[in-house]
Amino acid sequence: MSDDEQRTGLPVVVVGAGPVGLAAAAHLLDRGLEPLVLEAGEQAGAHVREWHNVRLFSRWGEVIDPVGEKLLAPTGWTPPDPDTYATGQEWAQRYLQPLAEVLGARVRFGARVIGVARRGRDRVVDAGRETEPLTVHVQTVDGEERILARAVVDASGTWASPNPLGGDGLPAIGERAAAGRIAYQVPDLTDPDVRARYAGRRIAVAGSGHSALTALVAFAELAGTEPGTHVDWLLRRGQVGDTFGGGDGDQLPARGALGTRAAAAVEAGHITTVTGFRTAAVEQTGDGVVLESLDGRRLPPVDEVVVLTGFRPDLSWLSEVRLDLDPTLQAARALAPLIDPNVHSCGTVYPHGATELAQPEPGVFLVGMKSYGRAPTFLAMTGYEQVRSVAAALAGDHEAAGRVELVLPDTGVCGGAGLFDDPDPTASGGGCCGPAEPVAVTVGAVGLDR
Ligand SMILES: Cc1cc2nc3c(=O)[nH]c(=O)nc-3n(C[C@H](O)[C@H](O)[C@H](O)COP(=O)(O)OP(=O)(O)OC[C@H]3O[C@@H](n4cnc5c(N)ncnc54)[C@H](O)[C@@H]3O)c2cc1C
């Protein structure tokens, strides 16, 4: 058997059984390729299940991959009403889990990928990169394994690496020590224990993306029934600006409505907005946690801190493959100029796929949430389009890989550039959002989880 035949007999390893990883597997199978999904968690959608309480702003019809649906159809699976909205839990249970079940043994749970390399070659060695298979290093409860792969599609997301509170991207001094008082996800206030933790408390919420807005709405409701509950809302940017999004102008109505509800929650008076606050220190005092900003401002003590400042990709286990990522966003380089929140208030993304997502390492693709690096505007439907194209490319159908099959909704906030973390957003110029080419489509700025 030739090297090439040996390599093409190997599976395409997909890292992660989240929405995009499972869609990748469905598309690969549809193309006659053999996927092997390695999932660190014990169930499909392990990350999505961690934000089980959050309701999506996309309708069901926008978070189900068409080829995934095709695979499910013969099983008697009933699609949810496409015009309704799932919570994270429902997305996982009603769609991701059944899809993983159809894929059967092609999805392995409890299998954490801890490394990817070219067989027998570290990243420095040129020879054999086109011919040798990739080796995937896997950790399971039974120990370590090595799996040979013809290609690796990394759909491992970014949820597991939340940004810290520290304004410089590293934990603020005292942040680690105060871990018991800090949460890095939207609290589930329907859980009695969690509710008791926040009821009647002074809370600092940091961030300005969807998660932060969701938390503000939830805490404002809590404050309505639990006297004494108060939120200091910390923003790094100099003014609230378009943080509440496009409202009625958002083509995803639930996303627009979330901003409107958050604005009303702030108006209602249980929330104090603190702008231009870049946290430098977290001090635990007898009266609570005191946050100090870089410019020396100290806030009144709080009992709890909720940090919702976005996510970053974990690239540690990709150190032996050759990647070409944008130095600012750690996103696929070709995407970065389109989604950089320093430049775009809206993020105008051209339909993209295998060409933009391919890495210098042959056969390695970063897809899904991870392909956006630190940029906050990712939508599941973008990921489904990415993996459609990547699967086509791996199957050798370059015409289909290059085809554009993506239409994304508009946020209604496109009108200016660079509101991201800007102390003086009024000084920013506009005009970033007009389509530079006829094929441009637009995704939302309201998701700036900073
Ligand atoms: C709170 C919240 C709400 C959102 N709402 C919407 C919405 O309404 N509409 C929308 O379109 N998008 C939404 N998104 C954005 C995006 O669509 C989701 O984050 C989506 O889950 C991304 O899918 P993914 O498959 O790329 O990554 P993930 O869902 O993060 O899945 C990654 C999977 O990889 C696994 N994994 C990670 N590391 C490893 C490893 N080393 N080895 C093996 N497995 C690993 C994880 O356990 C996980 O199961 C939301 C995101 C968040 C956080």
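The values are calculated or read from the model by the stated rules, or taken from the named source; none is laboratory data. Computed from a predicted model, the values in this text were never measured in an experiment. Quick reminder, even Gly has a Cβ in these numbers, built from the backbone with ideal geometry, and neighbours come from all protein chains shown. Protein only, heavy atoms only, side chains kept; ligands, DNA and RNA dropped before computing areas. Shrake-Rupley method; radii C 1.70, N 1.55, O 1.52, S 1.80 Å.
Worth pointing out:
- Criterion (under 17 Å from the mean Cα position of the chain (by Cα) and not acidic (Asp, Glu)) met by exactly one of LEU56, LEU10: LEU56
- Close Cβ contacts (under 7 Å, 6 or more residues apart or on different chains) running from residues in the range 183-210 that are outside any loop (DSSP other than H, G, I, E, B) to residues that are crowded, with 16+ Cβ neighbours inside 10 Å and among the small types (Gly, Ala, Ser) comprise ARG202/GLY288; VAL205/ALA212; VAL205/ALA215; HIS210/GLY447.
- Any hit, the range 243-262, residues being modelled with pLDDT of 85 or more, crowded, with 20+ Cβ neighbours inside 10 Å and more than 16 Å from VAL186 (Cα to Cα): no
- Qualifying positions in the range 354-369 - out of contact with any Lys or Arg (no Cβ under 7 Å at 6 or more places or on another chain) and either more than 15 Å from the ligand (Cβ to nearest atom) or assigned to a helix (DSSP H, G or I) (or both): ALA354, THR355, GLU356, LEU357, ALA358, GLY368, MET369
- Scan of the range 304-316 for residues that are open to solvent by 30 Å² or more (accessible area, probe 1.4 Å) and touching a residue at least 60 places away in the same chain (Cβ under 8 Å), ordered by number: PHE311, ARG312, ASP314
- Long-range neighbours under 7 Å by Cβ, at least six apart or interchain, first residue in the same structural domain as HIS52 (by TED's automatic domain parsing) within the range 80-109, second in a loop (DSSP other than H, G, I, E, B) and more than 12 Å from the ligand (Cβ to nearest atom): ALA86/PRO80; ARG94/PRO80; PRO98/TRP77
- When we screen ARG197, ARG176, ARG202, ARG181 for residues that are under 18 Å from GLN284 (Cα atoms), touching a His at 6+ places or on another chain (Cβ under 8 Å) and open to solvent by 60 Å² or more (accessible area, probe 1.4 Å), the only hit is ARG202.
- The residue that is farthest from ALA25 (Cα to Cα), counting only those in the range 60-100 that are of a type outside the set (Gly, Ala, Ser) and within 9 Å of the ligand (Cβ to nearest atom), is TYR85.
- For the range 370-393, the candidate set comprises residues that are in a helix (DSSP H, G or I) and out of contact with any helix residue (DSSP H, G or I) (no Cβ under 7 Å at 6 or more places or on another chain); within that set, the residue that is farthest from ALA336 (Cα to Cα) is GLU385.
- Answer from ASP287, ASP324, ASP295 - the residue that is open to solvent by 50 Å² or more (accessible area, probe 1.4 Å) and within 24 Å of the chain's Cα centre (by Cα): ASP324
Here is a yes/no grid of residues against (1) at pLDDT below 95; (2) closer than 21 Å to ALA160 by Cα:
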{"residue": "SER2", "(1), (2)": "yes, no"}
{"residue": "GLU5", "(1), (2)": "yes, no"}
{"residue": "GLY32", "(1), (2)": "no, no"}
{"residue": "LEU38", "(1), (2)": "no, yes"}
{"residue": "ALA44", "(1), (2)": "no, yes"}
{"residue": "VAL48", "(1), (2)": "no, yes"}
{"residue": "PRO74", "(1), (2)": "no, no"}
{"residue": "ARG94", "(1), (2)": "no, no"}
{"residue": "VAL102", "(1), (2)": "no, no"}
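- Looking only at the range 42-58, and only at residues there that are polar (S, T, N, Q) and more than 6 Å from the ligand (Cβ to nearest atom), the one that is most open to solvent (accessible area, probe 1.4 Å): GLN43
- Of all residues making up the range 141-182, the number that are assigned to a loop (DSSP other than H, G, I, E, B) and under 26 Å from the mean Cα position of the chain (by Cα): 20
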